[in-house]
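See structure below.
Each reported figure results from applying straightforward, stated rules to the coordinates on display, with no laboratory input. In this text, all values refer to a predicted model and were calculated from it rather than measured experimentally. When we count neighbours, we look across all protein chains shown, and the Cβ atoms used for this are built from the backbone with ideal geometry, even at glycine.
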């Protein structure tokens, strides 16, 4: 993905200069950004200017506060084409895909520059100023360290930006890191769309990335020695890419990294062609471009945004704008450009289909708002609506409660003495809620009540059943039309892991409870 990492002045003086990481093998390079233009930087990136900027020294003679050798010199975003694109562009020699890659990086780079901000202190108050002015050094590479075809670009955002008053200051890059997943999805979307325009068929690849359909998984793996090395390092620790934290994967990548080498590109490509022939790689190049019809792009963008909103609203009532864009871009995957999807999202806000906060970063749907209101209404109308199962004095005196800790006793007492139809239990995982529910069930059943257990997953169902409550998944229960007829005033519906059920599911459960005058216990576990 668009792996973002900070580079320091110390690294510039050692690794980045010693290894000539960016400019080695005469990698194509270029200055970009409003800040670069303001500094008079254009054309290829030269090593001396790059090193000076990383160190906080500007071409106009200004020197930013350095903070020593550990000063953040910049942030490097690496945009790597999926392996089949590298194979087709560099082994099968369809150089048009390199241009597609460059255009895709350009669109993602625009998103990066839109996040540029700096801290400003006014009368003792700190605020962020959005400058949208970046100094970007971009480098393009064609090989991996293992000598495989690997089309990728480094977009290095130097730690300097120009404020509205003309002053040059360091960048606050927190927002860039938050948006790195969105930046890469924008890149992949543009890449897939560009390949389709050339006549290529796109398929879903590993990790959900687009791949060229005519190149097989075996051929992709053959030209992915670097990835295999990293996966082997993780496997030695009993891990996989999917189960590893980003820091763990980065450590594995560093541990298996070979020294950067100079390659004779003509000889290297000849080697790639020979390897390709041995594994049956076919040189299939569509020579007749098939530009995609753009007339239906708004409709495709609308479908993608609708899918994203439905997907996100299954779990949350409100969601971050960038998460909507990420999900929509994945759903569209080359059938609608990122600008069309962004325009569709903005249209939904303008037309009132979506509700945004003041900053426009958090969104919700009208349906989600109505669901939230309905949930609150059910809870409020259920207050004082039922009689206590047992008087407080009698519940406290029950022998079964004596051996419980304070938190467990509170849970049992709440279930038995509440006069509210809906109650919530919020506790740390592993604090004995199962034991407490077992005691509450036993005491309530003595009073003629019956527990019904629900959970969003089979594992949670099994955990709930340990308390002696007959349980099933909430999805299965909602699909069972006869389930509601089995509820009564003496039914207590326990929904475990209620926080994972989603607002629409929670509404459906509570409406059943309300219609049948039953009761509900919503159990939420938190970690730490």
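Worth a mention:
- Averaging over all projection directions, the Cα-based convex hull of the range 3-213 occupies 12.4 nm² in the image plane.
- From most to least packed by mean Cβ count within 10 Å, the peptides 214-223, 49-58 give 49-58, 214-223.
- Taking every alpha-carbon pair under 8 Å whose residues sit at least 6 apart, the range 297-371 reaches a relative contact order of 38 percent.
- Computed from the Kirkwood radius of its Cα pairs, the Stokes-Einstein diffusion coefficient for the range 94-212 at 10 °C and 1.306 mPa s stands at 98 µm²/s.
- For the range 297-371: rounded, prolate or oblate by the Cα gyration tensor [a/c cutoff 1.5]: prolate
- Sorting the segments 381-392, 460-471 by their mean number of nearby beta carbons within 10 angstrom, highest to lowest, gives 460-471, 381-392.
- Protection proxy ranking, peptides 493-503, 415-425, average beta carbon neighbours within 10 Å, highest first: 493-503, 415-425
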